[in-house]
1. Looking for whichever is within 14 Å of chain B (Cβ to nearest Cβ), closer than 21 Å to B:T30 by Cβ and part of a helix (DSSP H, G or I) here; the options are A:P16, A:P40. Which one fits?
2. Tell me, which strands (runs of 3 or more DSSP E) wholly within segment B:1-110 include 3 or more residues that are among the aliphatic types (A, V, I, L, M)?
3. Keeping to segment B:3-18, report how many residues are closer than 29 Å to B:L62 by Cα and surrounded by 21 or more Cβ atoms within 10 Å (Cβ to Cβ).
4. Of all residues being among the polar types (S, T, N, Q) and away from every other protein chain (no Cβ under 14 Å) in segment B:14-37, which is nearest to A:P14 (Cα to Cα)? Just the residue, please.
5. So which residues in segment A:19-37 are of a type in the set (A, V, I, L, M) and closer than 17 Å to B:A32 by Cα?
6. Kindly indicate the residue of segment B:113-164 that is in contact with a Lys or Arg (Cβ under 8 Å, 6 or more places away or on another chain) and more than 25 Å from A:L18 (Cα to Cα) and also surrounded by the fewest Cβ atoms within 10 Å (Cβ to Cβ) among those meeting that condition.
7. Among the residues of segment B:19-50, which ones are within 15 Å of B:L145 (Cα to Cα), out of contact with any helix residue (DSSP H, G or I) (no Cβ under 6 Å at 6 or more places or on another chain), crowded, with 22+ Cβ neighbours inside 10 Å and not hydrophobic (A, V, I, L, M, F, W, C)?
8. Being in a strand (DSSP E or B) and within 26 Å of B:P25 (Cα to Cα) is the filter here; which residues of segment A:1-13 pass it?
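The values are calculated or read from the model by the stated rules, or taken from the named source; none is laboratory data. Only a predicted model underlies this, so the values are computations on that prediction, with no experimental measurement involved. All Cβ positions, glycine included, derive from the backbone under ideal geometry; neighbour counts span all protein chains shown.
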Amino acid sequence: MADQVLDAKGLNCPLPILRAKKALKDVAVGGTLEVLATDPGAVKDFEAFCRATGNELLASKSDGKVFSFVIKRTS
Amino acid sequence: MSKESNAKSLSMIVTKGTLDWAYPPFILATTAAAMGLDVTMFFTFYGLTLLKKRLNLKVSPLGNAAMEMPMLGMHIGMPNLVSALPGVDAAATAMMKNLIKRKGVASIEELRTTALESDVKMIACQMTMDLFEYKLEDMIEGPVLGGAATYIETATKSEINLFI
């Protein structure tokens, strides 16, 4: 279980990323945030976001409808 | 741009002020800021309308051959002769706003607020303020007034410079 969960379902680019960025501020360094999204573009975008910001993408999965991304805040 | 910052940076010249063209600069600015870049937006000519307190953005199918709206299970474009009729722009704008809401796309107001909250630097073109007789009190708080030299100085220090 992630420390915090952000529901970004139904939101389109770039809102899942922007909301995740905001939510990460409330996660302690070393803590995790799970983002739930329905935007298929978010898969590539969260990979890029994590590479650029240095946060760690611990998991990226989908149940066919909803995507789930678990991000570990590193700094 | 702060001198002590080692972050990568993005600058943009924003020249268009219609509802559709307002999206690319604000989406890229907010996303770049979220990814840790220093971002500067220079609003000039029609782009300057995007800094008004009261946004009344519109979209026009006139002269836009690529604009097709999903309607009745297909995509409908509009011949210029029809686009030129009174009320068509208003209808197209209403349709676009409805789509934006339905598809979970952010409003321009939300993206603009997010940009300001994420320390995106905004420069309002002084010459355009004079040219179109815009009043300072009609514009949002946050942007600084500046000109071409102000922008160019930023652009020379930025990794990415876009003209939109």
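1. Answer to the selection: A:P16.
2. So the answer is B:9-14.
3. Number satisfying all stated conditions: 3.
4. B:T18
5. Within segment A:19-37, A:A20, A:A23, A:L24 meet the criteria.
6. Ranking the qualifying residues of segment B:113-164, first place goes to B:D138.
7. Correct list: B:G47 only.
8. Correct list: A:L6, A:D7, A:A8.
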